[in-house]
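Engineer: Sharing a structure here in C-alpha cells format.
The values are calculated or read from the model by the stated rules, or taken from the named source; none is laboratory data. These numbers come from a predicted model, not from an experiment. Note that each Cβ is placed from the backbone with ideal geometry, even for glycine, and that neighbours are counted across all protein chains shown.
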C-alpha cells in the first residue's frame, strides 16, 4: 500500500515538473528574443547553452551516488545527446533564421503527435482513443493559439527553414522516446550529465568558431540576466524536469506538455498589454487543458 502511494506521489510530482517546465519555456519566448541578433547569433547561443549546462550537470553529479553504466548504454546516451541536444538545437536555431516564428510554432505543435507515434513503434506504448483524442485536441488548440490573426507563410522562401524546424521536432521527439528505457535504469542527473556531454561534443565543430566573435564588453546587465535564464532555467532546469517527468510518466504524456508553452507565452503577452484577451485564445487554452485531462485520464484508467 505504501509503495502504491509513493508511486502515485511520484506521478503527481512528475506532472508538476512538466507543468513547471512548460511554464519556464513559455517565459523563454519573451526573454530569449532579447539576445539575438544584437548580442549573440544562434550558434553562439547553442555553444554557451551546451557548454555551461554540461558543467552544471557534472558538478551536481559529483554530489550524488555513483552509478555505473551498463555496457552499451554509453552509446545510447550518445544517441540521446546527438538527437536531444545537438541536432535539436542546431536545426531549430538555423531553421528559425530561414522561416518565421509563427511557422516554427505551428510545426512544433506536431511534436506530441510524433512522440505518440514513436512511442507506439519503438517502446510499444499503446495508443488508446482517449490518449489520441487528448493529443489531437491539444494540437488543434496549439495551432489555433499560434496561428489565429497571424501571417502564415509556407511559401517556397521558407521551405528550407520549415524543413529544418521539422527535423528539429523529429529529432527531439525521437529523443524523448529513446531516452525512456534509460530512465528505468538511472537517475535523471546521471542521464542528463552524459547526454549533455555528448551533445556538447557534437555541437563544437559547428559552433566553437563563432564564440571569439562575441563582444562581451558590449553586453549590458539585463542581457546577462537573460542569458543566465536561457542557460540555467530554460536549459539546465527544464531538461532536468522533463527527464524526471519521463522517468515516471509515459513518453506521450511527457511530450504533450509542449502545448503548455504557447499558452504561457500568450498569458504573458496579455498581462504585459502586448496582446489582448480574445475568444479564440480562451477556446485554444480550453482545448489544450482538456487534452491534458484526457491524457492523464487515460493513464489513470490503465492503472485501474
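Engineer: Any residue at all in segment 38-52 that's surrounded by fewer than 18 Cβ atoms within 10 Å (Cβ to Cβ) and without any contact (Cβ under 8 Å) to a residue 12 or more places away in the chain?
Structural biologist: yes
Engineer: What number of residues within segment 261-292 are within 30 Å of residue 124 (Cα to Cα) and at pLDDT below 80?
Structural biologist: 3
Engineer: Do you know which residues across segment 207-223 are over 30 Å from residue 175 (Cα atoms), without any contact (Cβ under 8 Å) to a residue 40 or more places away in the chain and part of a helix (DSSP H, G or I)?
Structural biologist: Scanning segment 207-223 gives 212, 216, 217, 221.
Engineer: Given 190, 252, 242, 235, which one is modelled with pLDDT under 90 and part of a helix (DSSP H, G or I)?
Structural biologist: Details: 190 fails: modelled with pLDDT under 90; 242 fails: modelled with pLDDT under 90; 235 fails: modelled with pLDDT under 90.
Exactly one of 190, 252, 242, 235 is modelled with pLDDT under 90 and part of a helix (DSSP H, G or I), namely 252.
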